[in-house]
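Working notes, beginning with the structure itself.
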Amino acid sequence: MSDVALENAQSRHSARGRVRAFDAAVVALLILALWQAIGSWTKGVAVSPPLQTLVYLFDLLRTWMFWDHAAATLAAFLVAFSLSALIGLALGLIFGVQRFTGEVAEPILAGFYTIPKVTLYPVVLLVFGLGMSAKIAFGVMHGLVPMTLFTLGAVRSLPPVLIRKAKVLRLSPGRTMLWVLMPACRPDIVNGLRISFSLSLLGVLIGEMFSSQRGLGFLLVNGMAQHNVPLSTAVVTVIVVVSIAANSLMLRLGGRIAHRSN
């Protein structure tokens, strides 16, 4: 009986996988068709068509210049995302445990989150100057708050008995967060990481557009300034593909963690 149930579960899982693959293929074809339609309608003035973009991108990927800019973006993003994830996780756990502090901090964080971060561009430049530090600051400004709010909400939704049990066992605050809260909040933490990933990358790219001479964001703005439409479209394509791939992987990871937690 257990073997039959296992086979049925595997068949349902494979069927869902095929449906998802079909849906993804349909969406990809629709996006390509829309892309081609926009490129043809604008005659390549605003967006280059898919085939032209892919040919240009293939040549671009073989240049040292592209990888130099990509490495600059990757370095800034890794630092910004790491800071956003670690600081946001720590703040979320602290605010979740300290109820009064969390109730005070949550509306402040939510209010800051709604502010267009570009309006803080002059302040960031005055404090951090041009270069890597400004890009990292933009990335942290975008990615920190979602990570904090996701973790805070996850801790608040936990059964109070978990924290009381940790107090009975006389666990230190650090061990309580590491051994009790984080394992219980893993699905929400992964979702927070997924959102923080996307927004940290967005913040770094914005920082490169305004305050850097290196990076994919700078390359994108440079292509727009020179009216090099294939270059701008190729850079956007790289960013979109990398973001979708990373987001899909983190979604799958979050689903597995949630399944195991249940």
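Only the coordinates and a few stated rules stand behind these numbers; no lab work does. Quick caveat: nothing in here was measured; it's all calculated off a predicted structure. Cβ coordinates were reconstructed from backbone atoms using ideal geometry, including for glycine residues, and neighbour counts include every protein chain displayed.
GNM on the chain, alpha-carbon springs under 10 angstrom: the most fluctuating residue among 230, 160, 49 is 160. Run the simple label-point estimate for residue 33 and residue 213 please: 7 Å along Cα→C-beta, distance reported in nm. Calculated label separation equals 4.7 nm. Counting only DSSP H runs of at least 4 residues, each contributing -39500 (n - 2.57), and dividing by the residue count of the chain, the helix-based mean residue ellipticity at 222 nm comes to -28000 deg cm²/dmol. The fewest-to-most ranking of 69, 227 by surrounding Cβ atoms within 10 Å reads 227, 69.
Within the chain, the selection of entire DSSP H helices by a Cα span of 24 Å or greater along the long axis and an average Kyte-Doolittle value of at least -1.0 returns 2-41, 64-97, 132-156, 186-211, 229-261. Sorted into 5 angstrom bins from 0, the C-alpha pair distances of region 51-120 split as 3, 13, 11, 14, 14, 11, 9, 8, 7, 5, 3, 1 percent. The average projected area of region 29-166, computed from the convex hull of its Cα atoms over all directions, is 13.3 nm². Between 28, 80, 70, the GNM of the chain built on Cα springs shorter than 10 angstrom shows 28 fluctuating the most. Of all lysines in the structure, those lying under 23 Å Cα to Cα from residue 117, and not within fewer than 8 positions of it along the same chain, are 135. For the chain, the square roots of the Cα gyration tensor eigenvalues, ordered a ≥ b ≥ c, give a/c of at least 1.5 with a/b no greater than b/c, which places it in the oblate category.
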